[in-house]
Amino acid sequence: MVGSSTLSRGGTVIFSGSGGETTYVIPDSGSAVIVNGKTQAIQSTAVTVAVPAMTTPAIVIGSSAYAANSASQFVIGSQTLTPGGVITAVGET
């Protein structure tokens, strides 16, 4: 982003600021950016993103809690609740 414009490979953006106009160009190779005619190398930086821990879904019926198995199904008594499925438990559906 340059100001409110997005600069992508093969593109040019002219930004007018308090210091005058600045021209940004990214060649098709995407390996550099040219600012007012002067080539600047683009360096890649590895970014580590923290992934939140996954929790096992649970269903509570009355005072009992049921955890999903590895297939995202819930075994409740003699019945298996599958995603999008319906069972009757303690008179409730």
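The values are calculated or read from the model by the stated rules, or taken from the named source; none is laboratory data. Everything numeric here is computed off the predicted structure, so don't read it as measured data. FYI the Cβ positions are ideal-geometry reconstructions off the backbone, even for glycines, and counts take in every protein chain you see.
State all residues of region 60-77 that are in contact with a Ser or Thr (Cβ under 9 Å, 6 or more places away or on another chain) and assigned to a strand (DSSP E or B); if no residue qualifies, say none.
ALA67, PHE74, ILE76
Of the residues THR48, THR80, THR22, which single one is in a loop (DSSP other than H, G, I, E, B) and either at pLDDT 85 or above or of a type in the set (Val, Ile, Thr) (or both)?
THR48
Here are some conditions: (1) under 30 Å from the mean Cα position of the chain (by Cα); (2) surrounded by 10 or more Cβ atoms within 10 Å (Cβ to Cβ). ILE61 meets all but one. Which one does it not meet?
(1) is the only condition that ILE61 fails.
Output the residue which, of all residues in region 32-45 that are of a type in the set (Val, Ile, Thr) and in a strand (DSSP E or B), is surrounded by the most Cβ atoms within 10 Å (Cβ to Cβ).
Filtering first and then ranking leaves VAL33.
I'd like to check something: does region 25-41 contain any residue that is closer than 30 Å to ALA89 by Cβ and among the polar types (S, T, N, Q)?
Among the residues of region 25-41, not one is closer than 30 Å to ALA89 by Cβ and among the polar types (S, T, N, Q), which makes the answer no.
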